[in-house]
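Notes follow once the structure below has been shown.
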Amino acid sequence: MTGRRRALFPRPFQHVITAAAAGALLLTGCGVLPGTSGGSREPVTVMTWAPDRSDDVSAVQKAGVPVMARAYARWVNDTGGIGGRELRVIVCDEGDTALGAERCAREAVKKEVAAVVGSYSRHGQSFMPALEAGGVPYIGGYGASTEEFSSYLSYPVNGGQSALLAGHGQQLARSCARVSLVRPDTIGGDGMPQLLNNGLLAADRPKSTDILAPEDATSYDKQAAKALERSGGSCVTAVLGSRTETFFDSFRRLEAEGERVTVSSVLGSVSQPLITRTGGRNSPFEGAHVTGWYPESGDARWKEMRSVVKRYAFGDNRIDPDDTAVQTTWIAYTALRAAVAAIDDDKVTSGRIAATLNRGTEVDTGGLTPTLRWRFRDLVGASAYPRIVNTKVTFQVVREGRLTAEREGFVDVAEALTDAPHI
């Protein structure tokens, strides 16, 4: 497999237009779409961004996100488009920087895209004002920035880290007498304990022990020792993003031989690719409890996505169907498809996309999420994150090196979210 890219349509209808100055790639085509009888309607152009390449070793890399977007467009266009409309995708590398995120957002406005779809960025303070000024909706972002859950032009498909933490407390309450929470010593981390504690307290468990940790440490021996001591041999959870792996490496070295404290985290800090890379069944995450947004990656409901990746990603090894960011992009494009299909006008604009979603267009994701709608009465009603509509999470556990369902179906955490602080 290679990272080579192929054009969207078979010859002679292929065009790949590169906007080098903006770091964007437009996949497009012309002529009659396959599966239509001619007279195709006006194309729909959208943008997807993510950090792809960066010289900064600490930067997040999500190259699979734009690969998924392009593969989705190839698949849709190969099967007649969206109601006869060709789907065109511009991708932009935001470089995991505030300036990069703002640059991509301004490019989206300049290109007059119908929406920004399935993107990943931690810099919502930079990109969301630009999108709001240009009236461009943000559909199905990964949820890495708080603005995605507050902007009136954002249409999230999951409940973000807040829902994961609220659900994680409920998951741990089932088997943990005491919990140590290791979290970042940041403003964002300050809201984590209450979210976790909401679930614990509802089951008459004591509050977690709050252990602060630096975000950029290369070792967490001090925090690991404290977490182990305060857990009383019960449960230790760490939510440190990319540093969660480093923490549990430190933690497992401190455990006494023959003893095994239950460890846990949430998706985004732990993922199937991480578990596989760190040894599978021999990884420090074996037996860990994990709260996620979607069914585990081996669930049959991901079959269609995997089939599309296999056929239309052309062996691009930057995409991993087990990656939650890639899965979120798939769901986001499913939402876009439903919105476009609901528009009767020949021309699809950003304003019409937003209006259609606001009126209550239903999005059936094939069971990967509950049915999604963004009417006012569908919103969770919490002042901290007013745009959340999906308050469901899943409980998973690592068995034999794979994330598997610990409990069937979704768990609703809406009640735990309504009184929780903003994080």
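The values are calculated or read from the model by the stated rules, or taken from the named source; none is laboratory data. Just so you know, these numbers come straight off a predicted model, no measurement behind them. Backbone-built Cβ (ideal geometry, glycine too); neighbour counts: all protein chains shown. These accessible areas exclude ligands, DNA and RNA; they are computed on the full protein's heavy atoms, side chains included. Shrake-Rupley method; radii C 1.70, N 1.55, O 1.52, S 1.80 Å.
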Report task. Name, by its number, the condition in (1) open to solvent by 50 Å² or more (accessible area, probe 1.4 Å); (2) farther than 25 Å from THR418 by Cα that does not hold for GLN223. Result -> (1)
Requested in this report: Name the residue, out of ALA355, ALA341, that is aliphatic (A, V, I, L, M), out of contact with any strand residue (DSSP E or B) (no Cβ under 9 Å at 6 or more places or on another chain) and surrounded by fewer than 18 Cβ atoms within 10 Å (Cβ to Cβ).
Outcome: ALA355
Report task. For residues that are over 16 Å from ILE353 (Cα atoms) and either open to solvent by less than 10 Å² (accessible area, probe 1.4 Å) or modelled with pLDDT under 95 (or both), tally how many sit in segment 99-121. Result -> 6
Query raised in the report: Mind checking which residues of segment 363-418 are touching an Asp or Glu at 6+ places or on another chain (Cβ under 6 Å) and assigned to a loop (DSSP other than H, G, I, E, B)?
Result: THR371, ARG373, VAL389, THR391
Report summary line: Of the residues in segment 70-117, those that are assigned to a helix (DSSP H, G or I) and among the hydrophobic types (A, V, I, L, M, F, W, C) come to ALA71, ALA73, TRP75, VAL76, ALA98, LEU99, ALA101, CYS104, ALA105, ALA108, VAL109
Report summary line: Residues in segment 278-326 that are touching a strand residue (DSSP E or B) at 6+ places or on another chain (Cβ under 8 Å) and β-branched (Val, Ile, Thr) total 3
Query raised in the report: Failed condition for VAL136, given (1) among the β-branched types (Val, Ile, Thr); (2) under 20 Å from the mean Cα position of the chain (by Cα); (3) open to solvent by 10 Å² or more (accessible area, probe 1.4 Å), with all others met?
Result: (3)
Query raised in the report: Restricting the first residue to segment 58-79 and requiring it to be farther than 17 Å from VAL116 by Cα and open to solvent by less than 10 Å² (accessible area, probe 1.4 Å), which pairs with a second residue that is at pLDDT 95 or above and acidic (Asp, Glu) meet a Cβ separation below 8 Å and a spacing of at least six or different chains?
Result: ASN77/GLU86
Query raised in the report: Taking into account only those residues within segment 381-408 that are surrounded by fewer than 20 Cβ atoms within 10 Å (Cβ to Cβ) and modelled with pLDDT under 95, which is farthest from GLY191 (Cα to Cα)?
Result: GLU408
**Report entry** Qualifying position, being surrounded by fewer than 21 Cβ atoms within 10 Å (Cβ to Cβ) and polar (S, T, N, Q), among THR334, THR278, THR329, THR291
**Finding:** THR278
Requested in this report: Give just the number: which of (1) open to solvent by 40 Å² or more (accessible area, probe 1.4 Å); (2) under 24 Å from MET68 (Cβ atoms) does VAL266 not satisfy?
Outcome: (1)
Report summary line: Exactly one of ALA405, ALA416, ALA355 is closer than 28 Å to VAL113 by Cα and hydrophobic (A, V, I, L, M, F, W, C), and that residue is ALA355
